[in-house]
Amino acid sequence: MIISKMAIPRRTVLRGLGAALALPLLDSMVPALSAFARTDASRPRRFSVIYAAHGVAPGYWVPKAVGAEYELTLPLQPLAAFRDRIAVVSGLDNDVALQRPGDPRGGHGRMAPAFMCGVHARPTQGADFAAGTSVDQVAAAHIGKETQLPSLQLSLDPVEFSGSCDSGYSCVYTNTLCWRGPTMPLPMEENPRAAFELLFGDTGTTDSATRAKRLREKRSILDSVLGKAHALSNSVGAADRVRFDGYLESIRDVERRLETAEAQSARQLPVVQQPASVPATFVEYAKLMMDLQVLAYQADLTRVSTFMLAKELSGRSYPEVGVSEGHHGLSHHGDSPEKIALLAKVNAHHTSMLAYFLEKLQATADGDGSLLDHTLLLYGSGHGDPNKHDPKELPIIVVGSDQLKGGQHYRFPHAQLAHLHVSLLGTLGMPVEKFGDVTGRLPLEPLSV
């Protein structure tokens, strides 16, 4: 490492007209006297949750072998390049999502809040909804204090495209994963342009007319700060210059894709009005939202992100992988082998998006390693077999845990998902012993059957 006498304040931003560009974490932000003391292990830890609704195809997800010699099943094959980094976890149940006496029959309203909060959501269609504090917000209270945004909440599909609300349950239960407290659900942003401006814009307003005026002026985030950016790039060391220039190019790439999406939507005549900057395909949409999360981590704007890759009750189809039936309808497969096989294709399509996110994290430098080296990630669904609205045998993948090492298939028969949440919070440096209705971590030695 080259030590420069220049020390840039950590919270430095480059300001321009309607923009405030946060900087990536650079070596120059560490004072020269302390630079040698910094270790890769001292980099900020980050926590990501990715949720994919409607469970998995029974018989397709869980590997037969436990341990390191397991074979990647069809839905896990897109993750082959990261086999040594991922821990496949099976056997976990989430009993707080089970139907209780007096509950409505619909199971989707219970699944997401139970997955994230470890509690049984109050059945209601009114404003008296109640869940708990979600695991991402518990983490944000601990590791999000030093960042501009304590946490980032993103989702695919606007509310009007995500399917109807579950019978007997408030729409809030299917439209968010994140709860700051039992009665404090947090909105999830599904418009990539709005998410981009949340991270990098500085208009001081969310008024649509103001934002539209700025778009008409064709003034990009980078164009408004370009001179200052070049001046800063020329004043830091070679390693920082490479890192900073790559960061700027990533922002420029996201801007280009937003502009393309906006131009495409202007030419289309949708049946219902879509947000102006939502890309035309699921893959483009998911990748754009994932890239925004990477940029937010790279600039240390937040250390906690939650991403709803597929909402409960989503009727999205996936013709790009040969699935024309809506996801929700397909999940109620009725034990049809043909429908189960199609659902497995959807599951594999979703894990291919997880693979893309891991690739981006791995390709982004962070200290002496990468963002992937310093990110704890949980991927999963609130259903096991969705045909039964069954919160048993949940499909879970973990990356970056101190307890669950990569390259392994762990099986914990009948342990609760909340036990995993306690373990993950421990990895983030939080010595909690209870989450939701459950006390204790996963057993140190995984069980197998």
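The values are calculated or read from the model by the stated rules, or taken from the named source; none is laboratory data. Values in this document were obtained by computation on a predicted structure and should not be read as measured data. Counting neighbours? That spans all protein chains shown, and the Cβs are built from the backbone with ideal geometry, glycine included.
Residues checked against (1) assigned to a helix (DSSP H, G or I); (2) of a type in the set (S, T, N, Q); (3) in contact with a Lys or Arg (Cβ under 8 Å, 6 or more places away or on another chain); (4) closer than 19 Å to Gly400 by Cβ:
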position	(1), (2), (3), (4)
Tyr60	no, no, no, no
Glu71	no, no, yes, no
Ala114	yes, no, no, no
Thr147	no, yes, yes, yes
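Quick check: anything in the stretch 334-349 more than 25 Å from Leu313 (Cα to Cα), outside any helix (DSSP H, G or I), in contact (Cβ under 8 Å) with a residue 40 or more places away in the chain and not polar (S, T, N, Q)? No, because not a single residue in the stretch 334-349 is more than 25 Å from Leu313 (Cα to Cα), outside any helix (DSSP H, G or I), in contact (Cβ under 8 Å) with a residue 40 or more places away in the chain and not polar (S, T, N, Q). Residues in the stretch 307-325 that are in a loop (DSSP other than H, G, I, E, B), more than 21 Å from Gly168 (Cβ to Cβ) and in contact (Cβ under 8 Å) with a residue 60 or more places away in the chain: Arg316 only. Out of curiosity, is Tyr356 surrounded by fewer than 21 Cβ atoms within 10 Å (Cβ to Cβ), in contact (Cβ under 8 Å) with a residue 24 or more places away in the chain and under 18 Å from Val49 (Cβ atoms)? Against the criterion (surrounded by fewer than 21 Cβ atoms within 10 Å (Cβ to Cβ), in contact (Cβ under 8 Å) with a residue 24 or more places away in the chain and under 18 Å from Val49 (Cβ atoms)), Tyr356 qualifies. Here the strands (runs of 3 or more DSSP E) wholly within the stretch 359-449 that include at least 3 residues being buried (at least 19 other Cβ atoms within 10 Å of the Cβ) and more than 16 Å from the chain's Cα centre (by Cα) are 408-411.
Gly144 falls short of the stated requirement of being at pLDDT below 80, surrounded by 14 or more Cβ atoms within 10 Å (Cβ to Cβ) and not aromatic (Phe, Trp, Tyr). When Ala141 is tested against the conditions (1) in contact (Cβ under 8 Å) with a residue 40 or more places away in the chain; (2) of a type outside the set (D, E, K, R); (3) out of contact with any Asp or Glu (no Cβ under 7 Å at 6 or more places or on another chain), the lone failure is (1).
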